[in-house]
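*Asks:* Got a structure for you, written out below as structure tokens; questions coming shortly.
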Amino acid sequence: MGFFSSLSFLAPLYVVAGLTVGLPILFHLIRRTPRGRRDFSSTMFLQPSPPRITRRSRLDNWLLLLLRAAAVLLLVAAFCRPLWRHLQAGDAPESLHDIIILLDTSASLRRTGVWDEARAAVEEQVRAIGPNDSLELLTFDDATRVLMPATEWRELEATQRIDVALDRLSDLEPGWGASNLGDALIEAADRLEQAAAAGKVATTQQVFVVSDLQQGSRWEPLQRFEWPANVTVEFIAVGAQAAPTNAGLQIVGRPEVGDQPFVRVRVSNAANSERETFQVGWRDPLAQGGEADKLVGAIDVYVPSGQSRVVRMPRSGDEGFTAGELRLTGDDQPFDNQAFVAWPKSATAVIGMLGDDDSRDRNGLRFFVEPLFPSTPARAVRVLDDDDAVHAMSITATEPASLVIVSGKVTPGHAASAAEWLAGGGTVLLVCDSVAAEEALRTLTGVPLASLTEADVADYAMLREVDFDHPVFAPLDDPRYADVSKVHFWHYRRLDVTSLTESRVLATYESGDPALVEVPRGHGRLYILTSGWQRADSQLATWPKFVTIMNALLATTGVVNTATNQLVVGDAAPSAPDTRSTPASLTSSAAISFVRQSDTGPVAVDALSQPGLYRAVDADEATGARDWPWAVNLPADESQTAPLPASLLESLGLSLTSDLPTADEQQRQGAQLARVELEGRQRLWRWLLLAVLVLLVAETLLAARRPKALAAPRADE
């Protein structure tokens, strides 16, 4: 009895179908009409009287009957999904939940007392995890990070799990990023769905969100996401006891550097603030000790609760200061009371022209260079010709060349200077406005067999394929600007790129001939344009997109617009402008480390992860920060510390904890899911179906061996 007492069924109602075992017995008891028939003449005048179907008094073919009945019973048992219970009722798991805890580590958690409250709430939830539950601990600000994966939780001993999770939590501090609540919830839902797809069975799947749920939380991604119905969410709000008055500073636009330099500053006041008057002023970068907290040029700003005001702050202090720090006073929370400003500096781009063009020739190349590279408040452009251009390529130049344009017939000396500068890391654009540029092509590429031939153009040629992945054409990588077929070329030169190793064709004509080619040369880059922009060759000079393309090419040399030096936490680290003599030392952002300016001096950092002023340092230099900083500020959303309305959370389509089943229902569901998982491992129904097939084969063979019915019945029948 003990063996069968552990037998259970997932679908016991199928036992009712076992009544069908009576069918084989019924068929065996029914008397059928004999198959053999013979007519006699003496009975031809008698009225037919068919035999009645009556019950037999005895059963024949017991073995065949047992085989058929056993097949029916085994088939019914297979549908009942049997399993052997290895656990008694008292050993059933108390709970079986997949749980994810999302902990908000955004900058708004830096308010006084809020982080301690959040950490205590997480600790309470971790300690409530059952021994059979699965836990995953995630943190989120502008990105979602895994603090403790579910795989690690399950691999640990049950007695170690809570201690390890709390140890991870003890070392955690809030960051300076924005609160991206929507993406964090979507990430949690995806992880729970992946766990379900992997075959892990759980009674419930639940997400606990520990956050201050401030109005600056970015919940909008949830509007485009269909939340899984089986995943419930419980919001644990913290920070209700924190001082409510909070105002924040944000830089609006970029600082202006005219005759009276100034910066626009937005002062935003939280919706639940109790004060409306604040002060904004500059912090003296040279002040020491207690004087460092005094404001210079402070002004009063009146901002009602839930509103914002933009004020103009004139530049304070010596114009030699390249950066500054604004501070706000008058509120309860200091985490967002700073705004850093990096004043833009006009970069100088020196463009050298080598060729026989006259700048006064309205039909030549040189005439259009200044319009192609206009000066802006953030970038001054100087164009130098011939000998002056050659001097700008030397290491003794006070203003080194950024880009050298070679066109037409070039003297051998000038071509050799350009080739040397190119190999050292410079950037050269060779404009093949005639086949006379062949000599310059050979000198610059170092390929004696490089040749140019005049292409045969019947009417005009157009561009066909463009490499939008290259930085030169990347600004046009948009459906609104990607059409490059509007410009016509009357003449161009054919260039065989097979002789140019490692060359990259950036644009082609309809004929397939290259229009723009990039060739690496030493540490530098050579660009070959096979047609000129003078009116006799093409419409490039009057094509508006050509200005964008040429300035993108100039930007690849390291001349950047420093108006982009106003960043927020979470932005990608920029590429630093290079101020040295040759572009051979240009480095990308991946090869640049950053130093943050602090009250105690420069601090080396790996990323722009907190507000402040940063300077770039070359990876191959132990010292020597570059001379222009970046300002990194707090995301503006983090200053909106008033709580989100409860109605908004309910309208996001989430399955909140009010939809959870009762404890008794969860216990019953857990026991049922445990049986499903156990039956899924055993799969006894497969063996039962196999037994059914064996019995049916045996029944078929036995039925085939039965003797045939007699041709005619006996008289006594």
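Only the coordinates and a few stated rules stand behind these numbers; no lab work does. These numbers come from a predicted model, not from an experiment. All Cβ positions, glycine included, derive from the backbone under ideal geometry; neighbour counts span all protein chains shown.
*Asks:* Shape call for the stretch 441-569 from the C-alpha gyration tensor, a ≥ b ≥ c root eigenvalues: rounded (a/c under 1.5), prolate (a/b greater than b/c) or oblate?
*Replies:* oblate
*Asks:* Here's a follow-up. Taking amide hydrogens as modeled 1.01 Å from N in the peptide plane, which residues meet the under 5 Å criterion relative to residue 333, leaving out close sequence neighbours?
*Replies:* Excluding prolines and chain starts, which carry no amide H, the hits are 247.
*Asks:* Compute the semi-axes of the equivalent ellipsoid of the stretch 303-397, taking the square root of 5 times each eigenvalue of the Cα gyration tensor, and list them largest first in whole Å.
*Replies:* 48, 17, 9
*Asks:* Sequence-distant or interchain residues sharing an amide H contact under 5 Å with residue 233, placed H: which?
*Replies:* Answer set, sorted by chain and number: 207, 655, 656, 657.
*Asks:* So if the hydrodynamic radius of the stretch 91-232 is defined as the Kirkwood radius over C-alpha pairs, what does Stokes-Einstein give as its diffusion coefficient at 4 °C and 1.567 mPa s, in µm² per second?
*Replies:* After rounding, the answer is 83 µm²/s.
*Asks:* In percent, what relative contact order does the stretch 99-237 have, based on Cα pairs under 8 Å that are 6 or more apart in sequence?
*Replies:* Answer for the stretch 99-237 is 33 percent.
*Asks:* Under 25 °C and 0.890 mPa s, how fast does the stretch 477-553 diffuse according to Stokes-Einstein, given a Kirkwood radius computed over C-alpha pairs? Answer in µm²/s, whole number.
*Replies:* In µm²/s, the coefficient rounds to 180.
*Asks:* On to the next question. Using R₀ = 30 Å, calculate the FRET efficiency as 1/(1 + (r/R₀)^6) where r is the Cβ-Cβ separation of residue 359 and residue 501; round to 0.05.
*Replies:* Given R0 = 30 Å and the Cβ-Cβ separation, E is 0.25.
*Asks:* Each residue of the stretch 355-361 in turn: what ³J(HN,Hα) in whole Hz from Karplus with 6.51, -1.76, 1.60 and θ = phi - 60°, glycine and Pro shown as x?
*Replies:* With the stated coefficients, the stretch 355-361 comes to x, 9, 7, 9, 5, 8, 7 Hz.
*Asks:* Starting from the Cα gyration tensor of the stretch 426-482, take the square roots of the eigenvalues, sort them a ≥ b ≥ c, and report rounded, prolate or oblate (rounded when a/c is under 1.5, otherwise prolate if a/b is larger than b/c, else oblate).
*Replies:* Oblate is the answer for the stretch 426-482, as a/c is 1.5 or above yet b/c matches or exceeds a/b.
*Asks:* Under the rule of at least 5 residues apart or a separate chain, name every residue whose amide H is placed under 5 Å from the amide H of residue 252.
*Replies:* 264, 265, 266
*Asks:* Shifting gears a bit: Find, among the GluC sites (Glu not before Pro) in the stretch 169-262, those assigned to loop by DSSP (not H, G, I, E, B) with at most 16 other beta-carbon atoms within 10 angstrom.
*Replies:* Answer in residue order: 226.
*Asks:* When the Karplus curve 6.51 cos²θ - 1.76 cosθ + 1.60 is applied with θ = phi - 60°, which whole-Hz ³J(HN,Hα) does each residue of the stretch 165-182 get, with x for Gly and Pro?
*Replies:* Here the 3J(HN,Hα) series is 5, 5, 5, 4, 5, 5, 8, 8, 9, x, x, 10, x, 7, 8, 9, 5, x Hz.
*Asks:* Whole-Hz Karplus ³J(HN,Hα) for the stretch 456-463, in order, using 6.51 cos²θ - 1.76 cosθ + 1.60 and θ = phi - 60°, x for Gly and Pro?
*Replies:* 8, 10, 5, 10, 7, 10, 10, 6
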